[in-house]
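Working notes, structure below.
The values are calculated or read from the model by the stated rules, or taken from the named source; none is laboratory data. Predicted model, so just to flag it, every value in this text is computed and none were measured. Cβ placement follows ideal geometry from the backbone for every residue including glycine, while neighbour counts extend to all protein chains displayed. The accessibility values were calculated without ligands, DNA or RNA, using every heavy atom of the protein model including side chains. Shrake-Rupley method; radii C 1.70, N 1.55, O 1.52, S 1.80 Å.
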Amino acid sequence: MTEQLAQLTVKHYKSDQKPIWCPGCGDFAVLACTHRALTNLQLRPENVVIVSGIGCSSRIPYFCKTYGFHTLHGRTLPVATGVKLVNPDLTVLAMAGDGDLFSIGAGHMPHAAARNVSITCVCMNNQIYGLTKGQTSPTSVKGHTTKSTPYGSISQPMKPVLLALAYGATFVARGYSSKTHQLADLIAQGIKHKGFAFIEVNSPCTEFNNTYDLLDTMVEELPKDWDTRDRAGAMALASTETKVHLGLFYKEERPAYEEMAKAFEKNVNAFDANAYLARFA
Amino acid sequence: MPKEEIIIRLGGEGGEGVISAGDFFALGSARTGYHLFTFRTYPAEIKGGHAWYHIRVGSKPVLSMGDGTDVLVAFNAEAYNNHIGLLNENGVLIYDPDTVTPTNGNFIKYPIPFNKIAKEDLDFLRGKNVVVTGFLAGLFGLDPSSLEGLIKSRFRRRPELLDQNLKSLYTGYEFSKKIEKADPYYLKPTERVGRLVMNGNDAISAGALLAGCRFFAGYPITPASDILETLAKEFPALGGVCLQAEDEISAIGSVIGASYAGMKAMTATSGPGVSLMTEFMGLSGMAEIPAVIIDAQRAGPATGMPTKLEQGDLNHALYGGHGDFPRIVIAPGSVEDCFYQIINAFNMAEKYQTIAVFLSDQSLSQRTQTMNKPSTAEIAIADRLRPTPEELKDYQRFSITDSGISPMSLPSEEGGMYVAPGLEHDEYGHVEDPMKSRVAMTTKRFRKMEKAQKELEAPPRYGADDAEIGVIGWGSTEGVIREAVEQAVEKGYKVAAIHPKVLCPLPEEEVGRFISSVRRVIVPELNYSGQFAKYLSATFAIKPIRLNKYVGLPFTPGEIFRKIEEVVNND
Ligand SMILES: Cc1ncc(C[n+]2csc(CCOP(=O)(O)OP(=O)(O)O)c2C)c(N)n1
Ligand code: SF4
């Protein structure tokens, strides 16, 4: 059995469906890094569930040979939560775009993080709506002209890492599609983390918001001696607008929801219908 | 001469204990062996406003509130003014002379200074309602020891209040022996029989547990919250998980996720929540994931009258959501039905891999009613179809079958990997070329409903065999329609009723046969627009006579009886 486990390679996690993304789309790298992370961890593909929402990025489950659920726009985390709570042995990833997680589904992450359900949530942030062909997104920078903001975006961009920290996520990281080695590692670490892990990936949309060149000038590794227990420091760094820091911002050990929810009773019994109904006699 | 039944209405200010005074008496009488039916209505606020509780107890089955009331207990002047007109001839008015000044009328008066007794004799004003309970027990022949147990369990966690409450109970009881009884209402003694007494939400929770539901996610809303609260309490010992979600969209999302992962799952809400859940109903349709939604209907739209009743969500259950997809809609007719039909809802949802919407309402969810003890060993529990090892070799999650039902794999099952798609897909669940599979997949999905329809139980029929007038109702009105029809038959009218429980797919053959066997069809519904009547019109090309009530209260048998009589006379 162990021998068989050791044999899993990237091709065991790749489905035979070809990604439909545009050439150069950052999501290719996220997909490859997900395959690599799963391979590195040697997880049995049938024990992995990738839940997504709607968007270009949310197509990702179709390209993985694991279980998957392509849900509704914004509803990635609720569905992932249900999966994890009834079968905590599964590895559950929630993968979606910035619009999915921070606009239409923005109400869900604060709760998923506060509960600390063991879900690895990967936000493929391209600061634009890809699938609907180029409207502004909640993470679009101020002044960004898109089809829906012809005079420039006038709203303050949301900062996914800062929000995840504020919500109480117990693992918060940021990666970049161009830095695949680090990204695969962050995803693997996120999967291993017990509790809610949030990873923002700067994943440019070559079609409607090609930010590779800009990002290349802005990205910077977190300081070498970065203390991942310093939430306030992480929040300060996550607020910076001039730099895009990459790496693990914050990590904390806190009991996971799925374990606490199962800990109320030591003995689990079958339902005794007659005894239950006798309460109403 | 003891009576076969008594109707009692208690009215007063919300938070004053009107409901619990009635509840103690009602449960006590049910546990003594009487049949019971209750209705409660209360303001949306926690304190204040007018609340009333309606009890009908009898030594024969009671299926509705009945007409009028035999006894009115007026806690305050408002209660007296609101309900005195309803008191039946030679009825009984019980009131506190310090707060109510009744005029003379054709009724018997028992002035009881509840407030004074509670405050001065007992030094425990809060016990006023239990004094009333004790008084009613003494007056109508209920053994106060049958109430003792209820009070003990209610105050289990507040032992400091228990003694005072018990004292209040017996003080009320003794007081009843001091007055000169002038009314004829005295319950015929009964034998304690093996009946259960519970409310609709209790029955739904119990049935769901028996059906195998072990995941629940919900967001609090009247009148459905009890189900969340019950399952939160019961699940841990059964290995289940209950989640209070951040909103109803999340609740149904988690339910669908849990079901995808293999657990029988449900959510419970009311109209506003179902509105939010609509998009997920369609996802369940497309990805063929079983799930149960309880909709304890209340008067809408928007926040409407949140503690009042209406059968206003049938259209939403039948048609809500974009796109074309099969679904199951079930409406229970009684508390007993809540128990059996929720099991049916789970069985059908699992078997046909669809959403099942379960339409209770405020009156039924909060109605306490007696029911026969179920023979639990005889209840069939269905599970979803699972793939065979052979099928897993080249697994097609959405394989086209004669029944439309495809075997469903579960995460962690080797060989069963697939992506549950919200997109149109082929048999493998692949989404690249949807138009190629669109027609076959749509017909496959709807084929499940053809099979479901063939397997439906025949709906119950009441009344005359040679009926010329047919009454068709749905949901919580079953008992009241039945009583009205029985009254009409007794009067010699040729009337019968049929009451389908599964509304989608509708048992078309039986309902169709019933419709063709009568000359006139009456459809009583607790809504303005006649949602069920229109559904029947569309299905059977008929034009039913409608009886609609939309004040937020149930029908009385008389209201339906008078409609029947009107139709007979106009014929
Ligand atoms: C309820 C609903 N509203 C709108 C849409 C249309 N829609 C699909 S994807 C999308 C946004 C995509 O942006 P994002 O989530 O950032 O993902 P990306 O395509 O950029 O990867 C929208 C608005 C939808 N599918 N459902
Ligand atoms: S539109 Fe943008 S996000 Fe979508 S596939 Fe193309 S490049 Fe990627």
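Among strands (runs of 3 or more DSSP E) entirely within region B:1-105, having at least 3 residues that are within 25 Å of A:Ala278 (Cβ to Cβ) singles out B:35-41, B:50-58.
Only one of the listed residues (B:Ile294, B:Ile342, B:Ile289, B:Ile328) is crowded, with 24+ Cβ neighbours inside 10 Å and over 20 Å from the mean Cα position of the chain (by Cα). That residue is B:Ile289. Checked against (1) outside any loop (DSSP other than H, G, I, E, B); (2) within 11 Å of ligand 1 (Cβ to nearest atom); (3) not aromatic (Phe, Trp, Tyr), A:Leu93 passes all but a single condition, namely (2).
If the requirement is being buried (at least 23 other Cβ atoms within 10 Å of the Cβ), not assigned by TED's automatic domain parsing to the domain that holds B:Leu63 and not aliphatic (A, V, I, L, M), which of these qualifies: B:Thr307, B:Thr303, B:Thr278, B:Thr354?
Working: B:Thr307 fails: buried (at least 23 other Cβ atoms within 10 Å of the Cβ); B:Thr303 fails: buried (at least 23 other Cβ atoms within 10 Å of the Cβ); B:Thr278 fails: buried (at least 23 other Cβ atoms within 10 Å of the Cβ).
Unique residue meeting the criteria: B:Thr354.
When you check A:Cys64 against the structure, is it in contact with a Gly (Cβ under 9 Å, 6 or more places away or on another chain) and modelled with pLDDT of 95 or more, yes or no? So A:Cys64 does not fit the description; no. Would you confirm, using the coordinates I've provided, whether A:Cys33 is buried (at least 24 other Cβ atoms within 10 Å of the Cβ), farther than 25 Å from B:Glu432 by Cα and within 13 Å of the chain's Cα centre (by Cα)? For A:Cys33, the condition - buried (at least 24 other Cβ atoms within 10 Å of the Cβ), farther than 25 Å from B:Glu432 by Cα and within 13 Å of the chain's Cα centre (by Cα) - is not met. Criterion applied to A:Arg229, A:Arg254 was being under 15 Å from A:Ala169 (Cβ atoms), more than 14 Å from chain B (Cβ to nearest Cβ), among the charged types (D, E, K, R) and without any contact (Cβ under 8 Å) to a residue 40 or more places away in the chain, and the one residue passing it is A:Arg229. Every test in (1) of a type outside the set (Phe, Trp, Tyr); (2) within 21 Å of A:His193 (Cα to Cα); (3) in contact with a Phe, Trp or Tyr (Cβ under 7 Å, 6 or more places away or on another chain) is passed by A:Asp225 save one, and that test is (3). Residues in region B:45-61 that are over 20 Å from B:Asp143 (Cβ atoms), open to solvent by 10 Å² or more (accessible area, probe 1.4 Å) and under 19 Å from the mean Cα position of the chain (by Cα): B:Trp52, B:Pro61. Only a single item in (1) away from chain B (no Cβ under 13 Å); (2) over 25 Å from A:Gly195 (Cα atoms) is not met by A:Ala234, and it is number (2). Selection within region A:262-279: residues that are within 19 Å of B:Cys338 (Cα to Cα) and within 7 Å of chain B (Cβ to nearest Cβ). The member of this set that is most open to solvent (accessible area, probe 1.4 Å) is A:Asn274. If the condition is being surrounded by fewer than 17 Cβ atoms within 10 Å (Cβ to Cβ) and hydrophobic (A, V, I, L, M, F, W, C), then region A:227-241 contributes A:Ala232, A:Ala236.
The single residue among A:Leu8, A:Leu90 that is more than 16 Å from ligand 2 (Cβ to nearest atom), over 14 Å from the mean Cα position of the chain (by Cα) and at the interface with another protein chain (Cβ under 9 Å from one of its Cβ atoms) turns out to be A:Leu90.
Which residues, taken from region B:226-259, are more than 10 Å from every other protein chain (Cβ to nearest Cβ), in contact (Cβ under 8 Å) with a residue 24 or more places away in the chain and surrounded by fewer than 24 Cβ atoms within 10 Å (Cβ to Cβ)? Within region B:226-259, B:Asp226, B:Thr230 meet the criteria.
In region A:68-87, the residue that is nearest to ligand 2 (Cβ to nearest atom) out of those that are assigned to a loop (DSSP other than H, G, I, E, B) and open to solvent by 10 Å² or more (accessible area, probe 1.4 Å) is A:His73.
Residues in region A:96-114 that are more than 16 Å from ligand 2 (Cβ to nearest atom) and not in a loop (DSSP other than H, G, I, E, B): 7 in all.
Okay, residues lined up against (1) within 14 Å of another protein chain (Cβ to nearest Cβ); (2) in contact with a strand residue (DSSP E or B) (Cβ under 9 Å, 6 or more places away or on another chain); (3) away from ligand 1 (no atom under 16 Å from the Cβ):
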{"residue": "A:Pro78", "(1), (2), (3)": "yes, yes, no"}
{"residue": "A:Asp100", "(1), (2), (3)": "yes, yes, no"}
{"residue": "A:His108", "(1), (2), (3)": "yes, no, no"}
{"residue": "A:Val117", "(1), (2), (3)": "yes, yes, yes"}
{"residue": "A:Asn126", "(1), (2), (3)": "no, yes, no"}
{"residue": "A:Tyr129", "(1), (2), (3)": "no, yes, no"}
{"residue": "A:Thr149", "(1), (2), (3)": "no, yes, no"}
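Taking every residue in region B:406-433 that is at the interface with chain A (Cβ under 7 Å from one of its Cβ atoms) and pairing it with any residue that is among the polar types (S, T, N, Q) and not in a loop (DSSP other than H, G, I, E, B), at least 6 positions away or on another chain, the pairs with Cβ-Cβ distances below 8 Å are B:Pro411/A:Asn47; B:Ser412/A:Asn47. Scan region A:36-50 residue by residue and report those that are surrounded by 24 or more Cβ atoms within 10 Å (Cβ to Cβ) and facing chain B (nearest Cβ under 7 Å). Answer for region A:36-50, where residues must be surrounded by 24 or more Cβ atoms within 10 Å (Cβ to Cβ) and facing chain B (nearest Cβ under 7 Å): just A:Val49. Residues being modelled with pLDDT under 90 and either surrounded by fewer than 16 Cβ atoms within 10 Å (Cβ to Cβ) or β-branched (Val, Ile, Thr) (or both) are entirely absent from region B:161-177. Looking across B:Met266, B:Met286, one residue alone is closer than 24 Å to B:Tyr340 by Cβ, in contact (Cβ under 8 Å) with a residue 60 or more places away in the chain and within 14 Å of another protein chain (Cβ to nearest Cβ). It is B:Met266. Scanning region B:513-530 for residues that are open to solvent by 20 Å² or more (accessible area, probe 1.4 Å) and within 22 Å of the chain's Cα centre (by Cα) yields B:Tyr528, B:Ser529.
Could you list, in sequence order, the residues of region A:229-281 that are over 30 Å from A:Ser178 (Cβ atoms) and within 20 Å of the chain's Cα centre (by Cα)? Before the answer, list the steps.
Of the residues in region A:229-281, the ones over 30 Å from A:Ser178 (Cβ atoms) are A:253-281.
Answer for region A:229-281, where residues must be over 30 Å from A:Ser178 (Cβ atoms) and within 20 Å of the chain's Cα centre (by Cα): A:Glu253, A:Arg254, A:Pro255, A:Ala256, A:Tyr257, A:Glu258.
Of the listed requirements (1) out of contact with any Phe, Trp or Tyr (no Cβ under 9 Å at 6 or more places or on another chain); (2) closer than 18 Å to A:Phe271 by Cβ, B:Pro223 misses just one: (2). Among the numbered conditions (1) within 11 Å of ligand 1 (Cβ to nearest atom); (2) assigned to a loop (DSSP other than H, G, I, E, B); (3) crowded, with 24+ Cβ neighbours inside 10 Å, the only one that A:Ala169 does not meet is (1). The sole residue among A:Ser155, A:Ser140 that is among the small types (Gly, Ala, Ser), part of a loop (DSSP other than H, G, I, E, B) and open to solvent by 20 Å² or more (accessible area, probe 1.4 Å) is A:Ser155.
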